[in-house]
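Participant: Below is the structure I would like to discuss, written out as structure tokens.
Any read-out appearing in this document is the output of simple, stated calculations on the displayed coordinates, not a laboratory observation. Everything numeric here is computed off the predicted structure, so don't read it as measured data. As a convention, Cβ positions derive from the backbone with ideal geometry for all residues, glycine included, and neighbour counts pool all protein chains shown.
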Amino acid sequence: MNRISAACPGRASTSLTRRAMLKDTANGFGMVALSALMADRAYADVSPLRKPHFAPKAKNVIFCFMDGGVSHVDSFDPKPGLDKHDGKEYKGGRKWLKSPWKFRPHGQSGLPVSELFPHIASCADDLAVIRSMKAELPLHSTGVLLLHTGVNNAGRPSFGSWVNYGLGSVSRDLPGFVVLNFDVVPCGGLENFASGFLPASYQASMLKADGTPIDNIVPADKDRRVQRAKLDLLRQQDKDFATGLGGDDAVEAAIRNYEMAYRMQSLVPDVLDLSRETPATKKLYGVDSSVASKRLYGTQCLRARRLVEAGVRFVEVNCPPGASNGTWDQHGNLKAGHEKNALDTDQAVAGLIKDLKSRGLLDETLVLWAGEFGRTPHSPGRDGRDHHPEGFSVWMAGGGVKGGVSYGATDELGMHAVENVCTIHDLHATILHLLGLDHEKLTYRFGGRDFRLTDVHGHVVKEILA
């Protein structure tokens, strides 16, 4: 075995094996690697705020996720051609199905909205409707993942995590990414809200609608000094463990998450406390409704406004469990199911827009209303529609988009996006642009390559920008 000898004046010469040398210096190599990692802002996280690539038009995002797929031809994409073809053969025993709801122009812009959404229709002049959306597969799991992460398989960071990573949280005491849910995990699983290969501190914090929003948010120790001492001990143990590993992202992220949880204990209950809101504001959101699902959805939308006011960068509001086959997924009982889901969400979403606007927050808060795909203009029966990714509608309001406009189009019967086709990557690129982030520059090094939310795709839909 090779040996290395070293001689020092006045000392006996010593020798050690190569294996012993590598063992003794391993921690040094680890610290070199750790120092490089800690120089990366994603690991060091010295400041919660980061500079955007250019001047942003929006500071925050509220994403109203319409889980299950809202029918575009029954909501924001009127198709008179379906009235003419109603009941006629499509193929394979399927027949064209007209909308059971009427469309009418609304606002000064005359933007047509279905009578399914009377409250959102009153905000028509604030909406930028994209009617030419196109997804990839007619499957809920892949569609929801694509909408949330930019790919249709698990493992990538959520859209909210990318925004949190790119800009950081305005508030030191609140997470940058919050999901307001109803104890329902959408298709695709919790990967929709995870940080993927980004540090774990960028993943979503989940807040429930009913009961205690966050489990264990009230400290077990009444004396804050005792809790602080426990946390300090835990922090030191984690640091020692991370040092022994030569630095470890998961441990560093865990330390930051413990600290965030500690700070959230005092602020979260206050931010989510709606008792300070006026009766008029609660009524605006439908929080006073006798329908439990409508009341809870209104509560979550009102909380979303309070969270962005408090400095949360990205808030997603999920839907309550819907009628029939689940939220917006009416293969049968379309009329009853869509009307029930619209009843639950319509007033609260419109109330959110109006409330933000009255407080001067809509200009800096982008509201996104979207599902993973639309629904077929044809059906095997007379009261249901199936999954349809080839053409559907989403809309945005505030945060630097034009109001009262529609962009793109599907064909005469709503089958295919045919004009100014907009992909999920285009939607992501546009939202990042409104936040002052260049989607081609917002990257993260992982596995030997630079990843981004839009992968190698995406362009900004400049036509809807104010």
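Participant: Report the relative contact order of segment 308-410, percent, no decimals, based on alpha-carbon pairs under 8 angstrom and at least 6 residues apart.
Facilitator: RCO, segment 308-410: 24 percent.
Participant: Quote the convex hull volume per residue of segment 363-416, based on C-alpha atoms, as a whole number of Å³.
Facilitator: 100
Participant: Can you tell me which lysines have their Cα less than 30 Å from the Cα of K59? Leave out same-chain residues fewer than eight positions away.
Facilitator: K59 reaches K51, K134, K208, K282, K283, K294, K354, K357, K402, K441, K462.
Participant: Oh, and also: Apply the Karplus parameterisation 6.51 cos²θ - 1.76 cosθ + 1.60, with θ equal to phi minus 60°, to every residue of segment 126-134 and state each ³J(HN,Hα) to the nearest whole Hz, in sequence, with x for glycine and proline.
Facilitator: Whole-Hz 3J(HN,Hα) from phi for segment 126-134: 9, 9, 10, 8, 9, 9, 10, 5, 9.
Participant: Continuing with the same structure: Report, ordered by chain and residue number, the lysines lying within cross-link reach of K84, taken as a straight Cα distance under 24 Å and ignoring same-chain residues fewer than 8 apart.
Facilitator: K95, K98, K102, K335
Participant: For a quick check: sort S289, S71, S358, S201 by the number of other beta carbons within 10 angstrom, fewest at the front.
Facilitator: So the residues, fewest neighbours to most, are S358, S289, S201, S71.
Participant: Further question: Work out how far the C-alpha atoms of segment 155-200 reach from end to end along every principal axis, then list the three figures in whole Å, largest first.
Facilitator: So the extents along the principal axes, rounded to whole Å, are 30, 24, 14.
Participant: I need the per residue convex hull volume for segment 298-455, using only the alpha carbons, in cubic angstrom as a whole number.
Facilitator: 155
Participant: What list of ³J(HN,Hα) couplings, whole Hz, do you get for segment 67-72 from phi and the Karplus terms 6.51, -1.76, 1.60, once you set θ to phi - 60° and write x for glycine and proline?
Facilitator: After applying 6.51 cos²θ - 1.76 cosθ + 1.60, I find 5, x, x, 6, 6, 5 Hz.
Participant: When each pair of different Cα atoms in segment 413-466 is counted once in the 1/r mean, what is the Kirkwood radius in angstroms, to one decimal?
Facilitator: Values: mean 1/r = 0.0810 Å⁻¹.
Roughly 12.4 Å, rounded to one decimal.
Participant: Report Rg (one decimal) and Dmax (nearest whole number) for segment 64-186, counting Cα atoms only, units Å.
Facilitator: Computed over the Cα atoms of segment 64-186, radius of gyration and Dmax are 18.7, 59 Å.
Participant: So who's got an amide H within less than 5 Å of the one on V179, skipping anything under 5 residues away but keeping other chains? H placed 1.01 Å off N, in plane.
Facilitator: Residues meeting the criterion, in which the H sits 1.01 Å from N, are S205, M206, L207, E316.
Participant: How charged is the neighbourhood of R313? Take every other residue with its Cβ under 13 Å from the Cβ of R313, and add Lys/Arg as +1 and Asp/Glu as -1. Don't skip to the end; give the middle numbers.
Facilitator: Values: positive: R50, K59, R172; negative: E309, E316, E364.
Result for the local shell: 0.
Participant: Using the Karplus curve 6.51 cos²θ - 1.76 cosθ + 1.60 with θ = phi - 60°, what ³J(HN,Hα) values do you get for each residue of segment 398-406, in whole Hz, with x for Gly and Pro?
Facilitator: x, x, x, 9, 5, x, x, 10, 10
Participant: Just rank L274, L334, fewest to most, by other beta-carbon atoms within 10 angstrom.
Facilitator: Least crowded to most crowded, the residues run L274, L334.
Participant: Order of Y407, Y285 from fewest to most other C-beta atoms within 10 Å?
Facilitator: Y407, Y285
Participant: Moving on. Projected onto the charge dipole of segment 308-466 (+1 at Lys/Arg Cβ, -1 at Asp/Glu Cβ, origin at the Cα centre), which of V401, A466, T443 gives the Cα projection farthest towards the positive end?
Facilitator: Towards the positive end, the residue furthest out is T443.
Participant: If Lys and Arg each add +1 and Asp and Glu each add -1, what is the summed charge of the other residues whose beta carbon sits under 15 Å from the beta carbon of E412?
Facilitator: -1
Participant: Which trypsin sites (Lys or Arg not before Pro) from segment 295-365 combine a DSSP loop assignment with at most 15 other Cβ atoms within 10 Å? Could the numbers behind the result be given before it?
Facilitator: Working: sites: R295, R303, R305, R306, R313, K335, K340, K354, K357, R359; in loops: R313, R359.
Qualifying residues, ordered by number: R359.
Participant: Now for a separate question. With each pseudo-label sitting 7 Å past Cα toward Cβ, what's the E309-T443 distance in nm, one decimal?
Facilitator: In this crude label model, E309 to T443 measures out at 4.1 nm.
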